[in-house]
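Participant: The structure follows.
Each reported figure results from applying straightforward, stated rules to the coordinates on display, with no laboratory input. The model shown is predicted, which means the values in this text are computed figures rather than measured ones. All Cβ positions, glycine included, derive from the backbone under ideal geometry; neighbour counts span all protein chains shown.
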């Protein structure tokens, strides 16, 4: 594709521009310089009226692009403008003749979130655990649970993991620390 330089882009605008001293405001009876442009009609946006600042403001306040259009025509125009007046198609409808998981080149891709699978009934991703659920897991408990159950489980684990009962075993001591933290968190949440 050929690259267009800046001068080529500006040619339509520079060709019809007389100097500001030569151009007069096109509002009847105005003697000011016409340096501000305004479109003539919605069907002809490349042709302009040239006004002074006061008259271009008045023109802009009174000009309505959608004047005379029905609701259907306005909606069609708005949808057409959202894609810069280019055609568009629904995603995935064209270009995938070999199935939902194939691209036009024939290479398969991994759909880890299942966005492109129709009716996929595979395993769901587990939800992240809340702080309360993590604390219950440390105490080897599952919901639904009461605070009496938590206290009884904590007492049993504290006796079992206490350093005096384990002869100074460091693993049991670390586990007891996590059990104490879990119990403290659950005590706050159940209070």
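Participant: How far apart, in nm, are two points set 7 Å out from the Cα along the Cα-to-Cβ line at residue 162 and at residue 57?
Facilitator: 8.7
Participant: Translational diffusion coefficient, Stokes-Einstein: compute it for the range 131-190 using the Kirkwood radius over C-alpha pairs as Rh, at 4 °C and 1.567 mPa s, and state it as an integer in µm² s⁻¹. Don't skip to the answer; put the middle values down first.
Facilitator: Details: Rh = 11.6 Å.
Here the translational diffusion coefficient equals 112 µm²/s.
Participant: Next question. What are the semi-axes of the equivalent ellipsoid for the range 20-66, taken as the square roots of 5 times the Cα gyration tensor eigenvalues, largest first, in whole Å?
Facilitator: Working: eigenvalues 73, 29, 11 Å².
Those come to 19, 12, 7 Å.
Participant: What FRET efficiency comes out for the pair residue 147/residue 173, r = Cβ-Cβ distance, R0 = 25 Å, nearest 0.05?
Facilitator: 0.45
Participant: Efficiency by 1/(1 + (r/R0)^6): what FRET value for residue 35 and residue 85, r their Cβ-Cβ distance, R0 = 22 Å, to the nearest 0.05? Kindly include the intermediate steps, with their values, before the conclusion.
Facilitator: On the way: r = 29 Å, r/R0 = 1.33.
So, using R0 = 22 Å, E works out to roughly 0.15.
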